[in-house]
Amino acid sequence: MLRFDDRVAIVTGAGHGLGRSHALLLADRGAKVVVNDLGGALDGTGASTGPAADVVELITKNGGQAVASTDNVATPEGAAAIVAAAVEAFGKIDIVVNNAGILRDKSFGKMTVEDFDNVLAVHVRGSYLVSRAAYPYMKEAGYGRVVNTSSPAGLFGNFGQANYSTAKMGLVGLTKTIGIEGARNGIRANAIAPIAWTRMTEAILPAEFEAKFSAERVSALVAYLVHDSCEVTGEVFSVGGGRVARVFVAEGPGWQSDDLTPEAVADNWASVMAEQPYVLTAADSMKAML
Ligand code: NAI
């Protein structure tokens, strides 16, 4: 059994849904957990101490260790307070699961700048700020595990979610770069693109999906990714309904000419669009151009 004894984890947005499930699983397997949740509505308005406190109470009742934080991930002060809560209560920080999220869905033409900025602030800025506040502790310890929460909507696009999909694809870049930079200090970073039945999706998923797409089926992957034994880094995984799959950004073999004209591009479009054989890194992409 993969256990987390002596590990300290922060789970943001852990008062409901996926974050709650991640926090319960990690605590059940021995981790000391900071349960962070602002306690607002799905669109990020409002705040309440209730959700984080309820999850801490449940963990404690089950014999685990946890503290609550109702700080906002989207401000530097909030992120610093979340990390400070971990260090004050448990002395260190090993694991960060950036999960907090909000929705402000609107079609592209109707979306306001405020809707765009607020969604990016929680997902992208929040994940950046909490990871940034935890990073010095991880670097010093030569150990760290970060999981960011992307989405199929970001990886593949989705109607009505220009803000959310921008944020969720942004997290892929953040994850890959933390993975590259953190490697020499034992810090691994990965992203998940989940599907689960939560308050965020209950209105759009068919009712019969509730049991199959349980949050617990996503938490199983998160727990593996943040375990000592997992050396995987810079990857993205689709996860839902009990299925886990690698999602990768790849570049096809392409078509090359010393005399690249607009007409040559048009004439060779099928080769431009070819998928195999592909490369997976910026270095290999550059090599293919030489
Ligand atoms: P949820 O609404 O149940 O949970 C999100 C939690 O984040 C809430 O408890 C909320 O209070 C908290 N939160 C929001 N803003 C915060 C802030 N500024 N600071 C601290 N906490 C804050 O939704 P769910 O589904 O559990 O979502 C968790 C994550 O998974 C989100 O990032 C979401 O975008 C992502 N996701 C979920 C999918 C699904 O199928 N449920 C699909 C793809 C991604």
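The values are calculated or read from the model by the stated rules, or taken from the named source; none is laboratory data. Please read all numbers here as calculations on a predicted model, not as lab measurements. Cβ atoms come from the backbone with ideal geometry, glycine included; neighbour counts cover every protein chain shown.
Consider segment 107-148 and keep the residues that are among the β-branched types (Val, Ile, Thr) and within 20 Å of the chain's Cα centre (by Cα). The one that is farthest from Thr12 (Cα to Cα) is Val119. Looking only at residues in segment 190-206 that are surrounded by 16 or more Cβ atoms within 10 Å (Cβ to Cβ) and more than 6 Å from the ligand (Cβ to nearest atom), which one is farthest from the chain's Cα centre (by Cα)? Filtering segment 190-206 for residues that are surrounded by 16 or more Cβ atoms within 10 Å (Cβ to Cβ) and more than 6 Å from the ligand (Cβ to nearest atom), the one farthest from the chain's Cα centre (by Cα) comes out as Leu205. Selection within segment 148-165: residues that are within 11 Å of the ligand (Cβ to nearest atom) and of a type in the set (A, V, I, L, M). The member of this set that is surrounded by the fewest Cβ atoms within 10 Å (Cβ to Cβ) is Leu155. Counting only helices (runs of 4 or more DSSP H) that fall entirely inside segment 182-279 and contain at least 1 residues that are in contact with a helix residue (DSSP H, G or I) (Cβ under 6 Å, 6 or more places away or on another chain), closer than 20 Å to Leu155 by Cβ and modelled with pLDDT of 95 or more, the qualifying elements are 216-225. Go through the residues of segment 39-58 one by one and say whether even a single one is at positive phi, more than 7 Å from the ligand (Cβ to nearest atom) and in contact with a Phe, Trp or Tyr (Cβ under 7 Å, 6 or more places away or on another chain). Within segment 39-58, none of the residues are at positive phi, more than 7 Å from the ligand (Cβ to nearest atom) and in contact with a Phe, Trp or Tyr (Cβ under 7 Å, 6 or more places away or on another chain). The residues of segment 85-124 that are in contact with a Ser or Thr (Cβ under 9 Å, 6 or more places away or on another chain), of a type in the set (Gly, Ala, Ser) and surrounded by fewer than 24 Cβ atoms within 10 Å (Cβ to Cβ), listed by number, are Ala85, Ala121. For Val35, the requirement of being closer than 27 Å to Thr201 by Cα and part of a strand (DSSP E or B) is met. Listed by first and then second residue, the pairs linking a residue in segment 135-162 that is without any contact (Cβ under 8 Å) to a residue 24 or more places away in the chain and in a loop (DSSP other than H, G, I, E, B) to a residue that is of a type outside the set (Val, Ile, Thr) and crowded, with 19+ Cβ neighbours inside 10 Å, with Cβ atoms under 6 Å apart and 6 or more places separating them unless they lie on different chains, are Gly157/Ser165; Asn158/Ser165.
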